[in-house]
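See below for the structure under consideration.
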Amino acid sequence: MTASHLLVPVPIPDRVAVLIGSCTPPHILRAGFEADCAAREVRRFRGPRLGIEDQADREQALSELARANKVLCAYHPRLAVHAGSVW
């Protein structure tokens, strides 16, 4: 039995990624990409002391993440991307 936090992401071949992408609507692919980018941006702005500009950037990234997650969850609830997730 494996624990989910011990799983290592395994790269998939390009042909498989293209096949998966061809089965998924384009707006869902775009929302997934935007959610991943926004989550990465949110993780960048961590720490006890953030400047005013950094706080504003973090809030902007959180709003972009929420917007993308809204689209992803409307398609399938398990597609949501969390800011604290490993991948």
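A few notes on this one:
- Taking the square roots of five times each eigenvalue of the Cα gyration tensor of region 25-75, the equivalent ellipsoid has semi-axes of 25, 9, 7 Å, listed largest first.
- Nearest-20 debye value, the chain charge dipole, Cβ charges on Lys, Arg, Asp, Glu: 220
- Solvent exposure of the chain as accessible area per residue, Å², 1.4 Å probe: 82
- Given charges at Cβ of Lys, Arg, Asp, Glu: region 25-75 dipole, positive-most of 31, 65, 75: 75
- For the chain, relative contact order (Cα pairs under 8 Å, six or more residues apart, normalised by length) works out to 34 percent.
- Computed helical MRE - 222 nm, the chain, DSSP H runs ≥ 4 contributing -39500 (n - 2.57), nearest 500: -20500 deg cm²/dmol
- Summing +1 for each Lys or Arg and -1 for each Asp or Glu among the other residues whose beta-carbon sits under 15 angstrom from that of residue 52 gives -2.
- Calculated from backbone phi, Karplus (6.51, -1.76, 1.60) coupling profile of region 39-51 in Hz, x at Gly/Pro: 5, 5, 5, 5, 5, 5, 9, 10, x, x, 10, 10, x
- D (Stokes-Einstein, µm²/s), Kirkwood Cα radius, the chain, 1.306 mPa s at 10 °C: 109
- In this structure residue 40 has an accessible area near 130 Å², from a 1.4 Å probe over the protein heavy atoms.
- Share of carbon and sulfur in the accessible heavy-atom surface of region 25-75 [1.4 Å probe, %]: 53
- On full extension, the segment bounded by residue 18 and residue 75 gains 18.6 nm, given 0.36 nm per residue less the C-alpha separation.
- Size of electric dipole in region 25-75: Cβ of Lys, Arg +1 and of Asp, Glu -1, about Cα centre, debye, nearest 20: 180
- Ranked packing of 65-73, 19-27, most packed first, by mean Cβ within 10 Å: 65-73, 19-27
- Rounded tilt (10° steps) of 14-23 against the dominant C-alpha axis of the chain: 90
The values are calculated or read from the model by the stated rules, or taken from the named source; none is laboratory data. What you are looking at is a predicted structure, and each value in this text was computed from that prediction instead of being measured. Here Cβ is always computed from backbone atoms with ideal geometry, including for glycine, and neighbour counts include all displayed protein chains. For the accessible areas, the whole protein counts, side chains as well, though only heavy atoms, and no ligand, DNA or RNA atoms are used. Shrake-Rupley method; radii C 1.70, N 1.55, O 1.52, S 1.80 Å.
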